[in-house]
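Here the structure is laid out as C-alpha cells; the discussion comes afterwards.
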Amino acid sequence: MLTAQDLYSLEQYSAHRPDYKRRAVEHRKRRQIRLGMNMTLHFEDRVTVQYQIQEMLLIERTFSPQGIQDELDAYNPLIPTGTNLKATLTIEYSDPQIRQQQLSRLRGVEDCVYIQVEGHDPVYAIADEDLDRSTDEKTAAVHFLRFELTQGMIKSLSENKTGLTVGVDHDNYSHSTPIHAGTINSLIADFVDQPRLVLS
C-alpha cells in the first residue's frame, strides 16, 4: 500500500520527471505481455502504481490532501499483496466500429484469462472486483485482474525458477504465451519486498 508520505510533491516530481518517467516506463515494459494481436496484460506493482498516481496528480494539479487520498484509494488495490499477481487487461482494436463488434463477441473474456506455473493447474483471473465493467451486450476494453497463487506455486517460481505461461481461452479468442525469464524475475518480486523508484 502506498500512502501520501510515499509520494513526491508536485514540485519534486516535476523537477525530476523526465528521468523518473523513463525508468518507470522501462520497468512497465518488462511487465507487459501480449496475448495475441488484440490483448495485452500489464502486470502492476508498486512502481507502476506510484508512477500512475504521480502522473495523475501532476496533470490534474492536485494539491489537496483529499484529492491525493482519492488517487491512492483508486490505485492502491492494483498493488499485489504477497500472494497474488495483479494486472490490467487491455483489449485493443484501433477501428471503433470493429472494436464495438469485437467487444460484443468477447463478452466474459475477462474471466477466461489465466496464468499457469509449470507443473501446476492454471489460475483464472478474478476480474473487476471494484465494479462490473461488462454488460449483457459487451465486455469492456479495460479490466483489472487478480491471480491468486498457492504457496506451492509461489515457491516453484521463486525457488525453482520454473516456467510461467499466460493465456486466454474464450470461445472467440484463444491464445497463450510463455513469459520470458526477465519478466518472471520482475513478477517474483511481487511476492516479497517490491521495488521502489526514487528520484535521482
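The values are calculated or read from the model by the stated rules, or taken from the named source; none is laboratory data. Small disclaimer: the values here were computed from a predicted structure and weren't measured. Because the Cβ atoms are built from the backbone with ideal geometry, glycine has one as well, and the counts that use them run over all protein chains shown.
Here's a check for you: in the stretch 116-154, which residue that is within 15 Å of P80 (Cα to Cα) and among the aliphatic types (A, V, I, L, M) is surrounded by the fewest Cβ atoms within 10 Å (Cβ to Cβ)? The selected residue is I126. The number of residues in the stretch 34-55 that are in contact (Cβ under 8 Å) with a residue 40 or more places away in the chain and either in contact with a Phe, Trp or Tyr (Cβ under 7 Å, 6 or more places away or on another chain) or closer than 20 Å to L103 by Cα (or both) comes to 11. Considering the stretch 155-192, and only residues there that are among the polar types (S, T, N, Q), touching a Gly at 6+ places or on another chain (Cβ under 7 Å) and not in a strand (DSSP E or B), the residue that is modelled with the highest pLDDT turns out to be S156.
Before we move on, is E137 out of contact with any Asp or Glu (no Cβ under 8 Å at 6 or more places or on another chain), at pLDDT below 95 and over 30 Å from T162 (Cβ atoms)? In short, yes.
When the stretch 4-34 is filtered for residues that are of a type in the set (A, V, I, L, M, F, W, C) and part of a loop (DSSP other than H, G, I, E, B), only L7 remains.
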